[in-house]
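Worksheet for the structure shown next.
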Amino acid sequence: MLGGWLACALQAAQESWTPLFDGKTQAGWANTPFAGAGEVEVRDGTLVLNQGILTGVNWTNDFPTLDYELSLEAQRVLGIDFFCGLTFPVGTNHLSLIVGGWGGSVVGLSNIDGDSANSNSTTHLERFESGRWYGLKLRVVSTNVAVWLDGKQIIDLDTRGKRLSLREGEIERSKPLGVASWSTTAALRNLRWRSLVPPKAPVQASLPPETRAAMDRLVSAMTASHEGWDRLAELCDTFGARPSGSPALESAVDWILERMRRDGLENVRGEPVVVPRWERGTESVEMLTPRRERLPMLGLGGSVATPPGGITAPVCVVNDFAELTRRASEARGRIVVFNAPFTEYGQTVRFRTQGAIEAAKAGAVASLIRSVADDSLRTPHTGVMRYEDGVPRIPHAALAPEDVARIAREVGRGHPVTLRLEMAASERGGVTNRNVIGEIRGREHPDEVVVLGGHIDSWDVGQGAQDDGGGCVAAWEALRWMAKLGLRPRRTVRCVLWTHEEWGGRGAQGYRDAHASELARHVVALEADEGTFTPRGFGFTGSDGARAVLAPVHAYLADRLGMGPADSRGSAADTGPLLERGVPVMSLHVDRARYFRVHHTEADTVDKVDPEALARCSAAMAAMVYAIADLPEALPR
């Protein structure tokens with residue numbers, strides 16, 4: 001039986017429905033960054049998803065993963081395809097309820113055992129009328145997903161033994177909770193939810209005295225020390241940028257492994273992962289008209305090269321994908337320049353990842369983006385981009401926001417702008433990198449593992465100090481101080497520094513596969529990959545029971561480090577593959593007001609890392625993982 005700290009009960013569940021939409025604003029909902037999305041607006045008490053290719057919104061606040069009901073009313077305003085694509089969590093998996101898909105009449109869940117909503121046991125046909133409201137209700141429990149349409153139950157799916165997943169493609173961006181429409185204008189209203197968890201009387205909980213004493217020792221010692229910053233500076237100054245597949249990264253891994261052993265960590269090792277290698281080569285952008293000037297630029301990771309001699313062409317400036325679609329005839333044979341101002345990273349980054357695809361579909365010869373940044377000192381930002389099978393591969397690069405704004409002004413004045421783009425980028429095949437691992441073995445349950453870490457690879461510019469050298473050192477320091485203070489919790493604490501995060505996550509996938517047999521004994525996985533600015537709190541994705549158990553830890557961190565309560569944004573790039581296998585995950589949240597000034601730029605150097613903020617991040621991570629690792633019983637899933 002659970003006792004003491006683990007006797008925490010869940011907070012009382014609400015009997016009544018809780019609104020998800022106030023009918024006046026888009027509060028709580030963010031536009032989903034789909035390529036070719038239409039405009040989202042609030043009109044006449046409804047949330048309107050205007051016709052695009054795929055248009056949607058994501059719920060940004062906490063939401064349960066099981067034992068809930070959700071209801072809404074939806075209407076097809078214009079178009080002939082689905083007017084409600086509701087993506088929702090089912091435990092650690094997700095499904096989409098499609099209403100009006102495949103030509104307008106299909107209702108069903110995607111995917112069940114790999115089959116889409118139009119071809120599985122949940123498929124239901126209905127004649128939908130445009131301009132009419134339809135009531136929908138969804139119920140999700142551990143064994144069942146049920147759906148009602150206008151009060152009539154049309155789906156009753158026993159989920160036991162079935163493989164639940166989303167269709168491949170952009171609908172993945174709707175996780176964990178989102179609503180979308182396809183080539184259709186949809187209107188939504190009366191969105192609400194309620195918990196099905198029976199109310200329980202709250203039980204006061206506190207940390208065990210011996211656990212709190214150990215956490216106090218860690219926080220006091222670590223916040224008084226700048227040794228972590230000194231180690232980060234040595235790493236950055238000695239090895240510089242650490243792109244996947246590079247000799248610099250492998251040399252840095254050798255250095256870390258040697259230092260971890262010297263620190264007294266256990267089971268220190270590098271685990272090999274085969275990763276692709278891309279090299280930037282020489283590159284430049286020169287403005288030829290209305291006056292000649294060389295512009296700062298960075299090729300985007302994975303881009304193809306230009307032909308010998310480069311590409312010289314006039315520009316076509318667009319603000320978004322919708323404008324590009326409208327002006328496709330003007331883009332043909334030109335260099336498309338995306339002048340998309342930064343709103344939030346998840347929305348603006350789509351021009352980096354998808355820009356070359358959409359520009360090529362319009363017949364452009366190359367594409368350039370306004371760097372994904374909320375501030376700039378004429379410093380371009382790189383990052384990964386993608387191509388799509390069947391679409392021509394054109395060169396894709398980033399300019400500084402200042403230069404894209406200037407190009408747009410010149411075009412607006414009626415001054416044609418011509419650019420010459422030269423890029424020698426190339427793929428270099430696969431090479432072997434390593435994930436870094438070091439441990440403090442548990443004193444009672446060494447086979448149960450609490451993971452924390454960051455990604456040791458970086459882009460090939462700057463020093464990778466904020467992204468993510470600081471996160472790696474913060475995790476490493478947590479274990480080093482446990483060893484230094486002689487603290488050994490009940491369970492094993494494992495520091496993992498993943499490779500290849502910037503290029504697609506082969507390191508995270510490799511760790512998941514190499515440790516598949518022990519993932520059931522992974523208690524939680526925590527990643528720091530938002531920079532190491534002042535820590536603000538942790539995100540947690542896991543069960544409500546686990547969230548209740550962690551409440552006193554968050555209260556402790558609020559008292560000692562001024563951190564806030566947990567939110568539901570626990571997943572990060574390298575912990576995502578573990579979450580898919582049922583491992584609860586956490587993410588360190590920091591004050592990111594200055595993060596995107598240096599993110600993926602030459603300016604990401606160690607002087608941008610504040611020693612005190614790094615120490616507080618590391619202390620917060622150390623206290624959190626020590627508390628979890630020292631639980632009398634494992635964190636409930």
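The values are calculated or read from the model by the stated rules, or taken from the named source; none is laboratory data. Predicted, not measured: the structure shown is a model, and the values here were computed from it. No Cβ is skipped: glycine too gets one built from the backbone with ideal geometry, and neighbour counts run over all protein chains shown.
Quick rundown of the values:
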read-out	value
Scope the range 585-604; condition under 14 Å from D375 (Cβ atoms) and either polar (S, T, N, Q) or buried (at least 21 other Cβ atoms within 10 Å of the Cβ) (or both); matching residues	Y595, F596, V598, H599, H600, T601, D604
Close pairs from the range 307-322: first farther than 30 Å from G38 by Cα, partner part of a loop (DSSP other than H, G, I, E, B), Cβ under 7 Å, at least 6 apart	I311/V365; I311/P395
Subset tally (residues that are closer than 27 Å to L485 by Cβ and in contact with a Ser or Thr (Cβ under 9 Å, 6 or more places away or on another chain)) for the range 251-269	5
Scan of the range 403-418 for residues that are outside any helix (DSSP H, G or I) and either in contact with an Asp or Glu (Cβ under 8 Å, 6 or more places away or on another chain) or closer than 14 Å to L288 by Cα (or both), ordered by number	H415, P416, V417, T418
Test set (1) part of a loop (DSSP other than H, G, I, E, B); (2) over 30 Å from R334 (Cα atoms) - V461 fails condition number	(2)
Residue ID - modelled with the highest pLDDT, chosen from residues in the range 167-187 that are within 17 Å of the chain's Cα centre (by Cα) and of a type in the set (A, V, I, L, M, F, W, C)	L177
Criterion violated by L109 - all others in (1) surrounded by fewer than 16 Cβ atoms within 10 Å (Cβ to Cβ); (2) within 29 Å of the chain's Cα centre (by Cα) satisfied	(1)
Matching residues, the range 406-430, being surrounded by fewer than 16 Cβ atoms within 10 Å (Cβ to Cβ), in contact (Cβ under 8 Å) with a residue 40 or more places away in the chain and of a type outside the set (S, T, N, Q)	H415, P416, A424, E427, R428, G429, G430
Single residue of the range 44-64 satisfying the filter (assigned to a strand (DSSP E or B) and of a type in the set (S, T, N, Q)) that is farthest from the chain's Cα centre (by Cα)	T46
Single residue of the range 65-106 satisfying the filter (under 24 Å from the mean Cα position of the chain (by Cα) and among the hydroxyl-bearing types (S, T, Y)) that is farthest from Y134 (Cα to Cα)	T92
Where S571 falls short, out of the listed (1) crowded, with 19+ Cβ neighbours inside 10 Å; (2) modelled with pLDDT of 95 or more	(2)
Enumeration of residues in the range 275-295 that are buried (at least 19 other Cβ atoms within 10 Å of the Cβ) and under 30 Å from S244 (Cβ atoms)	V275, W278, R280, E283, V285, L295
Residues that are without any contact (Cβ under 8 Å) to a residue 40 or more places away in the chain and surrounded by 16 or more Cβ atoms within 10 Å (Cβ to Cβ), drawn from the range 39-59	V40, V42
Residue tally, condition in contact with an Asp or Glu (Cβ under 7 Å, 6 or more places away or on another chain), part of a loop (DSSP other than H, G, I, E, B) and under 19 Å from L188 (Cβ atoms), over the range 65-110	1
Flag for R192 being surrounded by fewer than 21 Cβ atoms within 10 Å (Cβ to Cβ), within 26 Å of the chain's Cα centre (by Cα) and modelled with pLDDT of 95 or more	yes
Evaluation of A360 against (1) in a loop (DSSP other than H, G, I, E, B); (2) surrounded by fewer than 22 Cβ atoms within 10 Å (Cβ to Cβ) (one fails), failing number	(1)
Qualifying strands (runs of 3 or more DSSP E) (wholly inside the range 221-325; at least 3 residues being on the phi > 0 side of the Ramachandran plot and among the hydrophobic types (A, V, I, L, M, F, W, C))	none
Hey, A405 at pLDDT 95 or above and in contact with a Pro (Cβ under 6 Å, 6 or more places away or on another chain) or not	no
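Yes/no per residue for (1) under 24 Å from the mean Cα position of the chain (by Cα); (2) more than 25 Å from E330 (Cα to Cα); (3) among the small types (G, A, S):
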site: A359; (1), (2), (3): no, no, yes
site: A373; (1), (2), (3): yes, yes, yes
site: R378; (1), (2), (3): no, yes, no
site: E410; (1), (2), (3): no, no, no
